[in-house]
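In what follows, a single structure is set out as structure tokens and then discussed.
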Amino acid sequence: MSDPVVDGWKPKGCLWMWRHTEKLCHWNLRVDDAACEGLRALLGLMRDARWPSKKILRVSRPTAPLLNLPTVYADEFAIQYAKGQAPDDLWSLKVVGARVELHLGLARLRQFSDALETVAGGVDDFAIGTDEEPLWLWSRQVL
């Protein structure tokens, strides 16, 4: 069962996801101010929801190449909170086709929300998640 409050959430702003295929092969997430605020609201709704939830977001593409390196862009970003069904420290960042899927436990959902708050405060160029599956966060100044 999916939570109707989470299902009713509508995205704001723009977000971009990419990874380079040579060097720096980790996933990167850049958000503008509206997307940052909206994602923080979504994560709060997911945390407070009665059931596990999943939201699939459309991802924008940058207008210029990044660092002149071969780059793969995501078309979608799926966030899934496994409320009550997984360990609190669950962090799984996987690619399915052109979609990046992030599966979270409660502690990692909070970490992601806190990281977005940090980005909203103007700090970026840092990673969250695990050493094996980091997600680098960037603010609007990067692209």
Being more than 22 Å from VAL6 (Cα to Cα), crowded, with 18+ Cβ neighbours inside 10 Å, without any contact (Cβ under 8 Å) to a residue 60 or more places away in the chain and of a type outside the set (S, T, N, Q) narrows it down to one of GLY129, GLY121, so name that one.
GLY129
Search segment 36-51 for residues that are more than 19 Å from THR118 (Cα to Cα) and pair each with any residue that is surrounded by 17 or more Cβ atoms within 10 Å (Cβ to Cβ) and of a type in the set (Asp, Glu) when their beta-carbon atoms are under 7 Å apart and the residues are at least 6 apart or on different chains.
ALA49/ASP3; ARG50/ASP3; TRP51/ASP3
From the set of residues in segment 9-54 that are in a strand (DSSP E or B) and touching a helix residue (DSSP H, G or I) at 6+ places or on another chain (Cβ under 6 Å), which is nearest to LEU137 (Cα to Cα)?
LEU15
Just wondering, is there one or more residues in segment 87-102 that are loosely packed, with under 14 Cβ neighbours inside 10 Å, β-branched (Val, Ile, Thr) and on the phi < 0 side of the Ramachandran plot?
yes
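Computed from the coordinates by the stated procedures, all read-outs in this text should not be read as laboratory data. What you see is a predicted model; the values in this text were computed from it and never measured. Virtual Cβ from ideal backbone geometry, glycine too; neighbours counted across all protein chains shown.
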